[in-house]
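Enquirer: The following block contains the structure, expressed as structure tokens.
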Amino acid sequence: MHQPALALSAPKLANDPENDGLLTMGEIMGLRLDADWVVLSACNTAAGEGAGAEAASGLGRAFFYAGTRAILLSNWPVESQSAKLLTTDVFKRQSADPLLSRAAALQAGMLNLLDKEVYTDPTTGKPLFAFAHPIFWAPFTLVGDGSSNIGDGRQNQ
């Protein structure tokens, strides 16, 4: 049976004959998580399976079933550098301000990428392009609980 999966470590590197290196949708559904966020920033993780399907990949739904409160998904192929800048900025903002909601942190991260981030050539240091185009910041969608962790009895961890 084929099902969506996250590729983790190569089985040979893990040196564990029982480990195939994949965390499958079925395995995720068997987890019991207490997670505020799960980030699935690979390409098209918000897409449904085929025409007319519900949004969010099978992996996204599996993480909800396992106990996460919010998932950050992408709606189309993502560019690696901008995805890294956006996701790290979002978590830095939430870490710096525990009252900041997940939704507000994502919005602020997107605005920062849109307004300020410029990709420079690593060799010459010359600016090549800005990340203002929506292809860089707009693919990401927060699904689930967009609030902060304050007020629900838990602390940010």
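The values are calculated or read from the model by the stated rules, or taken from the named source; none is laboratory data. Nothing here was measured: the structure is a model prediction, and the numbers come from that model. Please note: Cβ atoms are built from the backbone with ideal geometry, for glycine as well, and neighbour counts cover all protein chains shown.
Enquirer: Being modelled with pLDDT under 80 and buried (at least 16 other Cβ atoms within 10 Å of the Cβ): is that true of SER9 here?
Expert: When the stated conditions are applied, SER9 does not pass them.
Enquirer: Run LEU23 past the list (1) modelled with pLDDT of 80 or more; (2) in a loop (DSSP other than H, G, I, E, B) and report the number of the one that doesn't hold.
Expert: (2)
Enquirer: Oh, and also: Of all the strands (runs of 3 or more DSSP E) wholly in the range 57-144, which have at least 3 residues that are surrounded by fewer than 16 Cβ atoms within 10 Å (Cβ to Cβ)?
Expert: Where strands (runs of 3 or more DSSP E) fall fully within the range 57-144 and carry at least 3 residues being surrounded by fewer than 16 Cβ atoms within 10 Å (Cβ to Cβ), they are 118-120, 127-130.
Enquirer: Given (1) at pLDDT 85 or above; (2) in contact with a strand residue (DSSP E or B) (Cβ under 6 Å, 6 or more places away or on another chain), where does TYR65 come up short, assuming only one miss?
Expert: (2)
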